[in-house]
Structure formats: C-alpha cells, structure tokens
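Following: one structure in structure tokens, then a few remarks.
Bear in mind these aren't lab numbers, they're just calculated from the coordinates by the rules spelled out. Remember, it's a predicted structure, so these values are computed and weren't measured experimentally. Ideal geometry is used to build each Cβ from the backbone, glycine not excepted, and the neighbour counts take in all protein chains shown.
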Amino acid sequence: MLRRLLATIAAVAVPAALLAILPAQSAMAATKTMTGTIQGADGLAVNFMLGFDVHRADGSKIDLDGDGTGYSKKVYGNTSLNVTGAPKSSSTVTTWSLTMPSDAANVWIEVYPNRPVGVTPYQPPQTKYGPSMRRALPPTSRGVALRLPVKCGYAGGVTGGIKGRVTKAGHVVTPVRTRAWSTAPDSATNTRILGWNMGVQYATSSLYQGYYSYVVPNLAGGQGYVVWVTVGTTTIRKKITAVNACRGTVVNFAF
C-alpha cells in the first residue's frame, strides 16, 4: 500500500495535507537498540559517563554524536552525585539505552566514574570506583550489565594496579601514553567487571612508591591485561596473566 502511494505521489502534485501524513524518511529507517544497567559493584547508583564506540562490519566507526571526534556517543548520568555513590532511588539513573543505525555490527563500551561539577573541594572521579569496559557486543544486546569496580580501601574493594620502569637505550624515560585493557572474555550476558584504565606518570601519582615511570591504577583484579606503552611514536604491548586485588604488578618496558 505504501509503495503504491509513493508511486502516485511521484507522478502527480500532492496537497500539503497529504504530505503531512507521510512518515519522514528517518523514521522509516531501520535501527538497532542496545539496553543495559549501570551501577557500582557495591550496588550503589554512581555518577558516570559512558563512551560508546559503534562499528560497522568493515570496522569503520559510526558517529552518533555528530561531532566527528572521540566516541561514537557519550552518555552521562547522575551528574550531581558524590563520587562515593548513593543508594538507588526514583531520582537516580541505573538504566541506559543506545539506538544505532541498522548497519551497526558491534559496540565497545568504556565506563567512567565521574564527579559532580562545580563542587568544592575538588573530588577526583576515581576516588572510590575504577573504570570498566565491555568488548565488541552485538548492537541488539539486552540487559548489558555495566559495573564500576570498588577500589581497595573501601568495603568490597577489588582493584589492583600495574606499574613499571620504562627505558630507552638503557636510560629511564617517561612514556607519553600508557593504557591497559582486560583480556578476559566478554559476552552480552557477562556480569564480570572487565577492567581498563589509562596510565599516569609516576611523578604525578602518589599511589605507588618506587622509581617507576608509570602507573595504571584502579584495575579490576583477578584477570589478565594487555598493557600498551608509547614512547615517541613507538608502542610496545605486553600481556600479563593476572592483576591481583589490592596489589601492584610490575611490568617493565625497554625501547
């Protein structure tokens, strides 16, 4: 019926009243939707930012925000909550959804603890929770559980860290970038917290003592990681079998 109506419209002039009842092209386009939940591992509502990277089957990224940079889509929630979280209530956000074009093939998610804006004194976003991730999930997944690991020092704390010394031609150097991602398997129904984080220069971190060049803190423990360290334009990757809760694992790099 709709195809015959469109053919008629193409052949004759159509009154504006009839045009008004036709569905917009964007509304007719097929889409896919992913849904899930978000909270701390301790069950509290958290101040969060979700970074979604949506890819087509050929690996190209789909820009949903329309800015052409960064993540495909960023979603914020509970932006006024303290960094230590709060009991879930009718005024807190603990669910999320993402609508994508029909050619979306997989979705990567990075989950960040956030801090309330304009609150003094300054509250570091990772005061109580570390970040987490989900890897290459189907875009039609339902009930995807996003959880932030609780840091050691708090009840139920499970995070550890990776630290190391970086040398180039035998001299200690400071990497321009360090990152670590969990190598644990993932699936749409997985409830395990997969850790990830970016490193900081040792000189700016009081989290570990020693003479290390970098530290990647607040990683969910009990799983393996791949660590990327970049010096200049060169990146070296190393895998480690496990990061243990409340401990630092040493991974050194030589360029």
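Contour minus end-to-end for ALA254 and ARG142, with contour as 0.36 nm per residue of separation and end-to-end as the Cα-Cα distance?
36.0 nm
When we measure straight from the Cα of LYS238, which lysines land under 21 angstrom away, once same-chain ones fewer than 8 places off are left out?
Straight-line reach from LYS238, under 21 Å: LYS163, LYS168.
Set Lys and Arg Cβ to +1 and Asp and Glu Cβ to -1, take the dipole of region 149-255 about its Cα centre, and tell me which of GLY157, GLY222, GLY232 lies farthest positive.
The residue sitting most towards the positive pole is GLY232.
Along its principal axes, what span do the Cα atoms of region 149-255 show, with the longest given first and each in whole Å?
Answer, in whole Å and largest first: 45, 29, 18 Å.
What distance in nm separates the two pseudo spin-label positions at TYR76 and SER97, each 7 Å out from Cα along the beta-carbon direction?
With each label point 7 Å from Cα toward Cβ, the separation is 2.2 nm.
Taking the Cβ-Cβ separation of VAL173 and ARG56 as r and a Förster radius of 51 Å, what is the calculated FRET efficiency to the nearest 0.05?
So, using R0 = 51 Å, E works out to roughly 0.85.
Once phi is turned into ³J(HN,Hα) by the Karplus curve 6.51 cos²θ - 1.76 cosθ + 1.60 with θ = phi - 60°, what whole-Hz value does each residue of region 45-60 show in order, with x for glycine and proline?
Once θ is set to phi - 60°, the couplings for region 45-60 become 6, 10, 7, 9, 10, 10, x, 9, 10, 9, 10, 7, 5, 7, x, 6 Hz.
What's the local net charge at TYR225, with K and R +1, D and E -1, over the other residues with C-beta under 11 Å away?
+4
So for region 31-148, averaging the separation of alpha carbon pairs under 8 Å that are six or more residues apart and normalising by length, what relative contact order in percent results?
Relative CO of region 31-148 lands at 39 percent.
Taking the Cα centre of region 31-148 as origin, work out the dipole magnitude from +1 charges on Lys and Arg Cβ and -1 charges on Asp and Glu Cβ, in debye rounded to 20.
Using only the charged Cβ atoms, the result is roughly 320 debye.
By a straight-distance test (C-alpha under 18 Å), which aspartates and glutamates pair with LYS239 as possible cross-link partners, with residues fewer than eight away in the same chain excluded?
ASP186
May I ask for the Rg/Rh ratio of region 31-148, computed from Cα atoms with Rh as the Kirkwood radius, given to two decimals?
1.00
All other residues with a Cβ under 15 Å from the Cβ of LEU50 taken together, and with Lys, Arg as +1 and Asp, Glu as -1, what is their net charge?
+2
Taking the Cα centre of region 149-255 as the origin, how large is its charge dipole in debye, to the nearest 20, when only Lys and Arg (+1) and Asp and Glu (-1) carry charge on their Cβ atoms?
Dipole size: approximately 180 debye.
Counting Lys and Arg as +1 and Asp and Glu as -1, what is the net charge of the other residues whose Cβ lies under 10 Å from the Cβ of TYR129?
Its environment carries a net charge of +2.
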